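The values are calculated or read from the model by the stated rules, or taken from the named source; none is laboratory data. All figures in this text were calculated on a predicted structure; none of them were measured in a lab. Note that we place each Cβ from the backbone using ideal geometry, even for glycine, and neighbour counts take in every protein chain shown. Just so you know, the surface numbers come from the protein's heavy atoms only, side chains and all, with ligands and any DNA or RNA stripped out. Shrake-Rupley method; radii C 1.70, N 1.55, O 1.52, S 1.80 Å.
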Amino acid sequence: MKRSLLAILALFLTTHLLAEVPTPEKFFGFRIGTDKKLARWDKIVEYFELVAKESNRVRVRRLGPTTNGNPFIVAEIAAPETLQNLDRYKQLERKLYFQGGAPTDAQRDEIFKQGKAVVVITNAIHATEIGATQMVIEAVYKLATDDSPEIHKILDNVIFLLVPCLNPDGEIIVTDWYNKTLGTPYEASPLPYLYHPFVGHDNNRDMYLFSQKESRMTAELLWHDWFPSIWLDEHQQGSNGPRIFTMPATDPVNPNVHPLIYRLNGIYGQQQAAALEAEGKIGIIYNSTYTNFWEGAMAWAGWWHNEVGLLTEVASARIATPIEQRKADPTRPAPPAPPPADFEGERRRLMEHPEEPLAAPTDIRSRTEYPRPWLGGTWKLRDIIDYELTATFALLSAAADRRETLLREIYEVNRATIADGAAGTLAAGPKAFAAIIPTNQHDPNETIELVDKLLIAGIEVHRATKEFKQDDATYAAGTYVIPFNQVFARYAKDILEKQTYPEVRRAPNAPAEAPYDVSAWSLGMQFGVKTVFAKTALPKDLALETVSTTPKPIDPTGTSFSYVGAEGALEVNRLLKTGAKISFDRSRIEPSTEPMRTPRIAIYQSWTSNMDEGWTRWILERYEFPYTVLHNADVKAGKLHDRFDAIIMPDQRTRDIMEGNDFSSIMPEYRGGIGDAGFQELTAFVKAGGTIVAFGDACNLFIDKMPIPVKDLKRTLNRDQHFAPGTIVNLQVDTAHPLGRGMAADTWGYYINSPFFQLTEGFSSMKASVVARYPNTGVNASGWLRGEDLMFGRAAVVAIETNPGKLVLFGIRPQHRAQTHATLPLLFNALYWSVE
């Protein structure tokens with residue numbers, strides 16, 4: 001009788017608690033996914049915290065403020081009794097990942113029997129891919145209130161870590177812009193600025209640099225706090241093809257990833273696909289577009305952390321406005337897909353004629369990875385939400401069903417990683433037992449930067465307390481050592497070594513396929529830090545201390561110090577702010593009677609949301625260069641040299657700078673570019689003594705329109721002749737030139753289909769200098785590069801003195817995604833040169 005009464009009481013309390021959670025429709029005032037309706041981030045946070053208050057299945061934590069100061073949250077969702085003992089389950093999961101040492105046999109068995117499947121799902125890092133932030137509202141309500149056996153199975157077996165949005169600032173920016181234009185003639189007008197304060201669409205390329213607050217908070221959750229075994233990142237893709245991509249991805253694979261991770265990616269991805277098929281959903285594809293090789297999209301960084309890393313990409317609507325697409329006739333051959341060169345034309349056509357439906361889909365052939373193709377029709381925000389809800393709960397259900405099996409599989413991957421690392425056999429090829437970062441670096445502060453990034457990623461870093469010998473070399477005390485007998489050794493090896501992209505050919509005589517995205521990310525090279533791999537086991541008497549926190553930068557003493565890298569520029573800027581009288585003496589900063597002054601810097605910001613511009617602003621702020629943003633009207637207003645010494649023109653095509661977006665669907669204040677009038681003012685700026693600093697394609701604006709003795713060789717080549725989606729290259733620098741001060745003579749840079757130059761005949765009044773060039777052989781340092789020989793001996797950076805003005809043409813972008821610390825001094829020197 002007592003037991004029955006307790007059961008009735010428990011049922012009453014549960015029902016009472018569930019009744020207090022308002023439905024999403026009641027709270028927001030509309031059904032989630034309704035055409036032209038969006039929930040804003042502040043209301044989403046309010047709803048999640050209300051659900052957590054009323055439900056004993058949900059907890060919500062604020063992990064910190066975002067870049068713009070908005071809340072960044074995670075919901076921890078599980079059965080009430082699990083949440084009451086959450087620390088115990090967290091410790092079991094941490095021990096599964098060998099934190100604090102390998103589990104004993106008894107601890108291992110306890111993990112298998114008592115542990116939970118810990119699953120993290122992150123959403124909408126790209127803010128225009130807004131469906132997932134809306135979908136999670138319904139997902140959390142269902143998990144908090146549904147009493148079905150299926151939901152209880154998930155709650156009993158899974159600890160679900162739900163990050164509703166990886167880019168809250170962007171969600172607010174996109175929602176506000178959409179609501180501002182809704183119902184006006186400009187409803188199809190694209191956002192004229194980035195949907196993140198700095199990095200826009202590149203924020204999921206930051207998961208190994210961790211430059212942004214959101215990336216660092218995500219890393220803390222993943223690799224310091226919870227150590228989830230499965231990580232799904234939910235995205236959206238283009239509108240005219242398949243409706244959803246699920247895992248597995250396509251070839252090639254990366255040798256540093258444990259093969260079981262790739263198998264599990266397929267198992268869980270296909271569970272999602274099967275659930276979608278079972279509901280009659282169409283247009284589900286896998287083994288397409290996205291490759292298994294790269295350290296790129298968020299959850300895929302989990303592969304090297306022994307996590308199942310999954311991606312879904314759902315077709316997009318126009319934010320919350322439906323899209324119409326013409327129907328394809330499956331009985332007739334589909335027209336060929338447009339070549340890549342036409343994609344930009346299609347984008348511009350959609351802005352010019354937003355009322356026209358999309359062209360019919362071209363990929364309509366049924367096959368194993370795409371058995372029921374999408375043939376066209378209407379596509380809405382609600383469709384996105386429905387597909388994502390099915391995919392989300394299919395993954396949670398599969399993790400619940402395979403709870404113990406998953407734990408055993410992840411344990412094996414972790415165990416094998418440590419064993420293989422100890423044996424030097426993490427991947428095929430030469431043995432590697434550890435990564436070594438010697439003390440004799442060009443810029444010791446970049447060594448500290450590199451250690452910082454490794455620590456954020458959960459890597460165990462050690463420092464030698466005395467001199468030691470390894471593989472016939474002697475290393476000084478203070479050398480950093482990353483042994484590979486650790487659970488995240490695969491990540492450490494992959495992020496530090498040279499990348500060699502495998503050739504993928506669909507037929508023996510077919511050309512090698514280019515990578516989907518970047519093919520190189522060797523962080524040591526990008527930082528200008530030399531690393532060595534131990535070919536034999538480390539000495540048994542090697543004295544090491546654990547590095548638990550990031551070492552402090554090496555501060556210069558006084559106003560005279562070596563200027564050898566980016567941190568030196570930071571110190572220069574701080575000294576200038578104090579009024580110190582200093583100047584450059586080659587690669588030293590010295591007290592001076594003829595002091596330099598702080599350069600007055602402007603950066604051009606078009607209304608076409610340029611990520612290179614955003615990254616440049618972040619770099620300028622990180623190293624404390626004051627700057628002013630210039631828009632089209634500011635440039636046209638003229639008298640630029642009265643206000644500025646240097647104007648930065650970020651990587652952007654000439655047409656975007658000159659013309660911008662100039663259609664009737666664009667809000668008037670955001671139409672157009674600088675035009676001829678603006679360019680005349682830039683010319684006048686140089687003639688008055690100003691310095692133009694141009695990156696990437698922006699160089700061609702000045703090559704085409706000013707009589708400077710430079711030719712861009714890259715644009716004479718087609719994709720079959722020369723192509724590099726993201727490659728680390730060797731550079732040779734003229735350190736005697738003012739732009740080369742503090743640089744290593746031989747270093748690395750990042751190349752991504754940028755211009756490379758040849759000097760031509762010029763006027764006697766101009767002086768053109770090659771500041772950085774590609775070597776005569778061996779340009780490719782890491783990654784994939786087609787047509788490498790065409791770059792041999794060519795110029796990467798050119799400086800032109802026109803008396804009195806200057807132009808600096810960076811074919812290679814020195815600040816690319818804020819990752820290329822080795823080349824940052826080239827940019828900083830160009831800014832200082834403007835006031836010399």
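Applying the criterion of being over 30 Å from D517 (Cβ atoms) and assigned to a loop (DSSP other than H, G, I, E, B) to the residues of the stretch 469-499, the residue that is modelled with the lowest pLDDT is D472. Candidates V779, V835: the one that is under 29 Å from E567 (Cβ atoms), surrounded by fewer than 22 Cβ atoms within 10 Å (Cβ to Cβ) and at pLDDT 95 or above is V835. Among the residues making up the stretch 590-616, those that are out of contact with any helix residue (DSSP H, G or I) (no Cβ under 6 Å at 6 or more places or on another chain), farther than 30 Å from D662 by Cα and open to solvent by less than 30 Å² (accessible area, probe 1.4 Å) are S592, M596. For beta carbons closer than 9 Å, sequence separation of 6+ or different chains, a first residue in the stretch 164-175 that is farther than 18 Å from M298 by Cβ and of a type in the set (A, V, I, L, M, F, W, C) and a second that is open to solvent by 10 Å² or more (accessible area, probe 1.4 Å) and not in a loop (DSSP other than H, G, I, E, B), the qualifying pairs are I172/D42.
So if I check each of G458, G424, which one is over 30 Å from Y89 (Cβ atoms), among the small types (G, A, S) and in contact (Cβ under 8 Å) with a residue 24 or more places away in the chain? That would be G424, the only listed residue that is over 30 Å from Y89 (Cβ atoms), among the small types (G, A, S) and in contact (Cβ under 8 Å) with a residue 24 or more places away in the chain.
Residues in the stretch 553-589 that are closer than 19 Å to G528 by Cα and of a type in the set (S, T, N, Q) were compared, and the one that is most open to solvent (accessible area, probe 1.4 Å) is S562.
Residues that are free of Cβ contacts under 8 Å to residues at least 24 places away in the same chain and touching a helix residue (DSSP H, G or I) at 6+ places or on another chain (Cβ under 9 Å): does the stretch 644-654 have at least one? First the steps, then the outcome.
Let us first name the residues in the stretch 644-654 that are free of Cβ contacts under 8 Å to residues at least 24 places away in the same chain, namely none.
Checked against the condition, which is being free of Cβ contacts under 8 Å to residues at least 24 places away in the same chain and touching a helix residue (DSSP H, G or I) at 6+ places or on another chain (Cβ under 9 Å), the stretch 644-654 yields no hits at all.
Only residues that are surrounded by 18 or more Cβ atoms within 10 Å (Cβ to Cβ), over 25 Å from G811 (Cβ atoms) and not charged (D, E, K, R) were counted in the stretch 634-662, giving 2. Taken over the stretch 694-724, the residue count meeting the criterion of being open to solvent by less than 50 Å² (accessible area, probe 1.4 Å), within 29 Å of the chain's Cα centre (by Cα) and more than 22 Å from T820 (Cβ to Cβ) is 2.
Look at Q237 and say whether it is closer than 26 Å to L276 by Cα and in contact (Cβ under 8 Å) with a residue 60 or more places away in the chain.
yes
Can you tell which of T727, T691 is surrounded by 23 or more Cβ atoms within 10 Å (Cβ to Cβ), among the β-branched types (V, I, T), touching a Gly at 6+ places or on another chain (Cβ under 9 Å) and closer than 18 Å to M649 by Cα? Being surrounded by 23 or more Cβ atoms within 10 Å (Cβ to Cβ), among the β-branched types (V, I, T), touching a Gly at 6+ places or on another chain (Cβ under 9 Å) and closer than 18 Å to M649 by Cα holds for just one of T727, T691, which is T691.
Out of all the residues in the stretch 460-468, is one or more over 21 Å from F293 (Cβ atoms), in a strand (DSSP E or B), among the charged types (D, E, K, R) and modelled with pLDDT of 95 or more?
Of all residues in the stretch 460-468, those over 21 Å from F293 (Cβ atoms) come to 460-468.
Checking which are in a strand (DSSP E or B) leaves us with 461-464, 468.
When the remaining residues are screened for being among the charged types (D, E, K, R), the result is 463.
Right, trim to modelled with pLDDT of 95 or more and you get 463.
Checked against the condition, which is being over 21 Å from F293 (Cβ atoms), in a strand (DSSP E or B), among the charged types (D, E, K, R) and modelled with pLDDT of 95 or more, the stretch 460-468 yields at least one hit.
Picking from residues in the stretch 693-732 that are of a type in the set (V, I, T) and assigned to a helix (DSSP H, G or I), the one that is modelled with the highest pLDDT is I703. Candidates are the residues of the stretch 129-160 that are over 16 Å from P80 (Cα atoms) and part of a loop (DSSP other than H, G, I, E, B); the one that is most open to solvent (accessible area, probe 1.4 Å) is E129. Tell me which residues, restricted to the stretch 43-96, are within 22 Å of E307 (Cβ to Cβ) and β-branched (V, I, T). Passing the criteria: I73, V74, I77, T82. Under 30 Å from A569 (Cβ atoms), part of a loop (DSSP other than H, G, I, E, B), open to solvent by 10 Å² or more (accessible area, probe 1.4 Å) and of a type in the set (S, T, N, Q): does that describe T735? In short, yes. Selection of first residues in the stretch 75-86 that are farther than 16 Å from E49 by Cα and of second residues that are open to solvent by 10 Å² or more (accessible area, probe 1.4 Å) and outside any helix (DSSP H, G or I), restricted to Cβ pairs under 6 Å at least 6 apart or on distinct chains, gives the following pairs, ordered by first then second residue: P80/N56. Scanning the stretch 500-552 for residues that are open to solvent by less than 30 Å² (accessible area, probe 1.4 Å), over 29 Å from the mean Cα position of the chain (by Cα) and at pLDDT below 90 yields a single hit, A510.
Answer yes or no as to whether G241 is out of contact with any helix residue (DSSP H, G or I) (no Cβ under 6 Å at 6 or more places or on another chain), open to solvent by 10 Å² or more (accessible area, probe 1.4 Å) and in a loop (DSSP other than H, G, I, E, B).
On the way: out of contact with any helix residue (DSSP H, G or I) (no Cβ under 6 Å at 6 or more places or on another chain): yes; open to solvent by 10 Å² or more (accessible area, probe 1.4 Å): yes; in a loop (DSSP other than H, G, I, E, B): yes.
So G241 fits the description; yes.
Going by the conditions given, is L191 open to solvent by 10 Å² or more (accessible area, probe 1.4 Å) and in contact (Cβ under 8 Å) with a residue 40 or more places away in the chain? So L191 passes the test.
Taking the stretch 738-836 and the strands (runs of 3 or more DSSP E) fully enclosed by it, the elements with 1 or more residues that are in contact with a His (Cβ under 8 Å, 6 or more places away or on another chain) are at 746-751, 767-773, 795-801.
Considering every residue within the stretch 761-769, establish whether at least one is hydrophobic (A, V, I, L, M, F, W, C) and within 27 Å of W521 (Cβ to Cβ). Break it down into steps so the answer makes sense when it comes.
Here is the first cut: in the stretch 761-769, the ones hydrophobic (A, V, I, L, M, F, W, C) are 763, 766, 768.
Then drop every residue that is not within 27 Å of W521 (Cβ to Cβ), which leaves none.
Looking through the stretch 761-769, none of the residues is hydrophobic (A, V, I, L, M, F, W, C) and within 27 Å of W521 (Cβ to Cβ).
Does I674 fit the bill of being closer than 30 Å to W177 by Cβ, modelled with pLDDT under 95 and either open to solvent by less than 10 Å² (accessible area, probe 1.4 Å) or β-branched (V, I, T) (or both)? Let's see the steps before the verdict.
Values: closer than 30 Å to W177 by Cβ: yes; modelled with pLDDT under 95: no; either open to solvent by less than 10 Å² (accessible area, probe 1.4 Å) or β-branched (V, I, T) (or both): yes.
Against the criterion (closer than 30 Å to W177 by Cβ, modelled with pLDDT under 95 and either open to solvent by less than 10 Å² (accessible area, probe 1.4 Å) or β-branched (V, I, T) (or both)), I674 does not qualify.
Of the residues making up the stretch 370-426, those that are of a type in the set (D, E) and either crowded, with 17+ Cβ neighbours inside 10 Å or assigned to a loop (DSSP other than H, G, I, E, B) (or both) number 5. Counting the residues of the stretch 674-692 that are outside any helix (DSSP H, G or I) and in contact with a Lys or Arg (Cβ under 7 Å, 6 or more places away or on another chain) gives 2. Which ones in the stretch 25-54 are outside any helix (DSSP H, G or I), open to solvent by less than 80 Å² (accessible area, probe 1.4 Å) and either touching a strand residue (DSSP E or B) at 6+ places or on another chain (Cβ under 9 Å) or free of Cβ contacts under 8 Å to residues at least 24 places away in the same chain (or both)? Once the filter is applied, which keeps residues that are outside any helix (DSSP H, G or I), open to solvent by less than 80 Å² (accessible area, probe 1.4 Å) and either touching a strand residue (DSSP E or B) at 6+ places or on another chain (Cβ under 9 Å) or free of Cβ contacts under 8 Å to residues at least 24 places away in the same chain (or both), the stretch 25-54 yields G29, F30, D35. The numbered conditions (1) open to solvent by 10 Å² or more (accessible area, probe 1.4 Å); (2) in contact with a Pro (Cβ under 9 Å, 6 or more places away or on another chain) are all true for V74 except (1). Check the stretch 261-279 and report whether any residue there is surrounded by 21 or more Cβ atoms within 10 Å (Cβ to Cβ), among the β-branched types (V, I, T) and modelled with pLDDT of 95 or more. Yes; the residues of the stretch 261-279 include at least one that is surrounded by 21 or more Cβ atoms within 10 Å (Cβ to Cβ), among the β-branched types (V, I, T) and modelled with pLDDT of 95 or more. Only residues that are part of a strand (DSSP E or B) and of a type outside the set (F, W, Y) were counted in the stretch 539-589, giving 10.
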